[in-house]
Amino acid sequence: MKRIFTLLSYAALLSAVVCSCKKEQTEFFDTAAAARMQEALNTTRTVLTSASNGWMMDYFVGNSKDKGGYSLVLSFTDEKVTATSERDLSLTTETYYKLTTDNGPVLTFDTYSPVLHEFATPAGSSNRYQGLGGDFEFLIMEATSERIVLKGKRSGKISTLYPLAEDGESYLKSIKESSDSFVAGTIEGTVNGKKVEAEVDLDYRQIAFYEVNEDGEGISEGAYSPFIFTKTGIKFYEPIEVAGGKMSYLDYDADTHAVSNSEVTADLHGIVPEDFLPFRFFEGDYVFKTYYGNYDVTLSKGEGKTYVMSGLSEHFDLTMEYISAKGRLSLKSQKVGTYQGMDVIMSPWDLTHGGSFYTIEGLGLELVWNLDEEHPVFTFESDGLMTGFSTDAFILAYSNNGKNAGGAKDCPWFVWDSYQWPYIIRKGVSNTMTKK
């Protein structure tokens, strides 16, 4: 017999308060309610430990629709849970979990695990004091042998567990292969006979669909959703309405970039930029031509989809992020050290339009490939993320409690003995990186 319960049944149980002045009647209700709640928690434990291959978890993070989801594999015993994430297949942790009550049944991972607590762990900056919006305490909305539905206590996001039909390692490898092969940052075509376009943020796992006219101009407000990677493409957090139809997923052919969905009449294809390069391409040694001279630099793989650039300073290395939808590297504002109690930020600098600079995160440059595989050369262009501001240089600047405190003249930390890195983009003197 399949055992099933829902949060609604608990709510009904707990709200059925018996109004009586007789003490024995109140005690009878409390005893019955506690016993039934404990029985439900015991049933949940039985369900959790029943999956022979463990559970795959569609884990969505964020307290709004601004972050996507990630695949985890969880395996439960009576007291412990073993967890692995698609974000690092080499890392598997074992920790304790608890089944308890808090206005309903709750599953909590109450002992720290770098896998289960990655998105919920606070970081140093003020805007990360709650981590990245992840949860480690979940209301149990439903638990059966076919699926377990959880609701994050902090974020309110729904995450779902399904029993694995294969071993967890094979499953996560297939998810990783799918996410690596999905390289289309733009999708074009028709849905139900109407012309549409979609923007796909492959790093933050967001998709936005728009109806467009023949000139490609948007004529709808857009339909947005976070998504999670599947073996065949992506699955939305919840169905979205596109051109009068509901869509909950997209399948993707990595060889042809064809995009499909059987829920609507769709003719879609992915668009890949001409200068797209796979992540692995960038590793190696380069000659970096700057305004001050030529320098040898090295790009080495960093954490996640990043590279570490060494050679431009004896005081720090630089982190370059890979933009999955473009196949480019970006060089953005970042902390490079501290001096006299203040953070030193390599800050985007707009020399062309007056010399303003910002210590805020997220602005910078992108590397543009010359399309020559045998003799690759990269130039830079501004990422264009701030209206009226175009990064064409960098400058080391102080940040005092998150506020711009001026140029860091006391920190001539670049190898050319200056706190300034000018003329990265300027006619006749543009910087280039040439792969050796």
* To do: Taking only Cα atoms and a 10 Å spring cutoff, compute GNM fluctuations for the chain and point out the largest among 57, 342, 309.
  => 342
* Accessible area of residue 290, 1.4 Å probe, to the nearest 10 Å²? -> 10 Å²
* Given springs between every Cα pair under 10 Å in a Gaussian network model of the chain, which of 267, 110, 372 has the largest fluctuation? -> 372
* Asked: What is the Cα radius of gyration of the range 145-285 over 2.2 N^0.38 Å, N being its residue count?
  -> 1.16
* Structure fact -> Heavy-atom accessible area per residue of the range 316-422, all protein chains kept, 1.4 Å probe, expressed in Å², is 45 Å²
* To do: Return the long-range amide H neighbours of residue 134 (sequence gap of 5 or more, or a different chain), with a cut-off of under 5 Å between placed amide H atoms.
  => 62, 120
* Structure fact -> Binned at 5 Å from zero, the C-alpha pair distances of the range 239-313 give percents of 3, 11, 14, 12, 11, 10, 9, 9, 7, 7, 5, 1
* To do: Using a 1.4 angstrom probe on heavy atoms only, work out the carbon and sulfur share of the accessible area of the range 157-233 in %.
  => 46 percent
* When N is the residue count of the range 309-364, what does its C-alpha Rg come to as a fraction of 2.2 N^0.38 Å? -> 1.27
* Asked: If eta is 1.306 mPa s and T is 10 °C, what Stokes-Einstein diffusion coefficient results for the range 260-371, Kirkwood Rh from Cα pairs, in µm²/s?
  -> 96 µm²/s
* Asked: In whole Å and largest first, what semi-axes does the C-alpha gyration tensor of the range 386-431 yield when each eigenvalue is scaled by 5 and square-rooted?
  -> 21, 17, 5
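The values are calculated or read from the model by the stated rules, or taken from the named source; none is laboratory data. Keep in mind that what you see is a predicted model, and the values were worked out from it rather than measured. Surface accessibility is based on the protein's heavy atoms, side chains included, excluding ligands, DNA and RNA. Shrake-Rupley method; radii C 1.70, N 1.55, O 1.52, S 1.80 Å.
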